[in-house]
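Data block below; observations after.
What follows is calculated from the coordinates using simple rules that are stated; it is not laboratory data. All figures in this text were calculated on a predicted structure; none of them were measured in a lab. Please note: Cβ atoms are built from the backbone with ideal geometry, for glycine as well, and neighbour counts cover all protein chains shown.
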């Protein structure tokens, strides 16, 4: 329920309206444009704004900040005053104004989750209260935000990460998206807050920001929890590789049990002979060469008799995968011990795949999928030409 049900209706000058210390509503550029047009054509149709008044007579907007911005965009010569409702009791200070602002927005408008962190930081310093008490004052106790802020499994979103998330929100607000699409999903905040390292938080947010900004409005969607988990895992593997500074990864030559304890010199000589024989007589398989070019950072271990690829060793993560038979000629199917099979689209295929978006020309990066169905669903995103998919030259369904 709104806190302004018994307020006083009047008109005030737009230039006299101030903003709370933290703005917690979602403001979009399309809405600002909409209210600017209304202000020019029929200002009586503009929504009534709720104001709070301080003891010294200053007026603060509690809601509809996009209406105020729309009126300002229309220009001072177009509209100078606007209909408002002033709540009856005066506010004691900026903390009181912010509390009323948050209550009003969470009751009647879309709430920007990122602003909860800024709100709590401001009120903690201003009121000298703990977070639990502040959440109760904001009427956010018992909500997902209380779980995010007070949960023992979460650490804390860094100030730099909050700023980055606000930057992402501002960037999305400038696009032709629904306000509900701009709201950061709570699970994103939860995933980020569980990362102890500020560097790791910012690295994930960089990836999220890049992906969101390069999506078309028609295909816009926030990353799923599984996708974020995959990002975190990949970044940690990359960081581990950087720490070890491994330029190459080697695979040990298997030793037969009957050879254990034999003269080391003789064993070494035998090993070198076998390697030379392998280099001289091992057949060169075209499929092996294709995969070498297709998947970066991989060493191919071919079968000594046929020359066909048998194992993949990732030089970055040092993981070893078994190559399995695939029903699709352009899809590599691999599996590691104790894990599910992964269906991979090689780079020589993905470099030909582009989003159907004139503004952004994005090449798809190397991707793995846990099953063929997910892979097929992903490929259906891509455009067709004269009824024929651009993928038909590179991929055929099983």
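Hey, could you pull the Cα Rg and Dmax for the stretch 3-119, both in Å?
Cα radius of gyration and Dmax of the stretch 3-119 are 13.7, 39 Å respectively.
Taking only Cα atoms of the stretch 195-236, what ratio of Rg to Rh do you get with Rh as the Kirkwood inverse-distance radius?
Expressed as Rg/Rh, it is 1.01.
Give, to the nearest whole percent, the P(r) tail of the stretch 69-136 beyond 19 angstrom, counting all Cα pairs.
It works out to 50 percent of all Cα pairs.
Semi-axes of the equivalent ellipsoid for the stretch 168-244, please: Cα gyration tensor eigenvalues, times 5, square-rooted, ordered largest first, whole Å.
Each semi-axis is √(5λ); the values are 25, 13, 11 Å.
To make sure I understand, if each residue's beta carbon is the centre and we count other beta carbons within 10 Å, what order do 229, 95 fall in, fewest to most?
Neighbour counts put them in this order, fewest first: 229, 95.
Could you give the length gained on full extension between residue 132 and residue 219, defined as 0.36 nm per residue of separation minus the Cα-Cα distance, in nm?
Full-extension gain reported as 27.5 nm.
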